[in-house]
Every structure is written in C-alpha cells, then in structure tokens.
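K.L.:
Submitted below is the structure of interest, expressed as structure tokens.
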C-alpha cells in the first residue's frame with residue numbers, strides 16, 4: 001500500500017501549475033470543472049471548482065480552485081492540503097472491510113465510476129484508490 005497523490009485547494013491554480021510544471025517538471029494530464037455537488041460531497045464546500053491533475057512518474061498532484069471569486073478570497077483559510085490518496089490492492093474489498101469496521105465511507109459517482117473517501121479522526125480526507133488504475 002502506498003500514497004499516490006495529494007490534493008490542494010488553491011486560489012490561483014495557474015501559479016501552482018506554472019511552478020509544478022516549470023520547476024518540478026510535472027505534466028498536466030487532466031483539467032475539468034467539478035460541480036458544486038461533487039465538491040460539497042467530498043469537501044463540504046458548495047462551489048464549482050477548477051480541477052487540474054499533474055503527474056510526475058507514479059505520483060500525482062490534484063489542484064482544486066473554487067470558481068466563485070467570493071469563495072476564492074476566503075480560500076486562504078483552507079488553502080493547502082485537503083486530501084491524500086491511499087492506494088490498495090483491491091479497492092472494493094477494502095471499502096467493504098472499512099464498512100464492517102463501521103468506518104464511514106463517502107462514495108461519489110464521477111464520470112460513471114465510484115470514487116471513495118474516508119476521514120481520519122482529525123477530519124483529514126483520504127481517497128481510497130486501486131493501485132492498478
């Protein structure tokens with residue numbers, strides 16, 4: 001098992017993209033807009049967000065920039081780490097085992113597939129990922 005990515009909230013995704021691609025040689029592999037309902041289900045923030053995925057080798061960074069100027073102004077309160085990805089051999093079996101231990105699991109339907117999150121006791125979000133995808 002391993003960590004395969006970290007997610008950040010930011011008020012300026014362009015600056016972070018410039019830094020990570022220009023200085024650390026990450027590559028942008030995906031850009032999209034996540035709807036407010038998805039962002040709310042995952043992070044409790046009701047706002048559409050620009051989503052940018054950057055990759056270097058086997059490691060990913062995910063950037064989330066709220067599209068509302070009012071939300072972006074206040075994002076410094078939550079800017080930075082918002083979740084990390086925990087990689088397992090069989091995600092479905094792992095999620096079942098969490099549920100048998102009464103660990104709450106958040107399931108989000110996105111692009112026709114399920115994305116799972118759990119929260120640690122300090123309320124840090126952990127995305128549960130399949131190591132083979």
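Values in this text are rule-based calculations from the coordinates and carry no lab data. The shown structure was predicted, so the numbers you read here are calculated from the model rather than taken from an experiment. Methodologically, a virtual Cβ is constructed for each residue, glycine included, from the backbone with ideal geometry; neighbour enumeration extends over all protein chains shown.
K.L.:
Along each of its three principal axes, how wide is the spread of alpha-carbon positions in the stretch 83-131, in whole angstrom units, largest first?
P.N.:
Rounded to whole Å, the extents work out to 29, 21, 18 Å.
K.L.:
A follow-up question, please. Extending each Cα 7 Å along its Cβ direction at residue 111 and residue 19, get the distance between those two points in nm, one decimal.
P.N.:
2.5
K.L.:
Among 130, 48, what is the fewest-to-most ranking by other Cβ atoms within 10 Å?
P.N.:
Placing the least packed residue first, the sequence is 130, 48.
K.L.:
Could the peptides 58-65, 30-37 be put in order, highest first, of the mean number of other beta-carbon atoms found within 10 Å of their residues?
P.N.:
Highest mean packing first, the order is 58-65, 30-37.
K.L.:
Got a sec? How would 10, 119 order by Cβ neighbour count within 10 Å, fewest to most? Mind showing how you got there, number by number?
P.N.:
Working: 10 23, 119 14.
The most exposed by this proxy come first: 119, 10.
K.L.:
Which percent of Cα-Cα pairs in the stretch 2-130 sits in each 10 Å bin, short to long?
P.N.:
Using 10 Å bins, I get a P(r) of 12, 43, 35, 10, 1 for the stretch 2-130.
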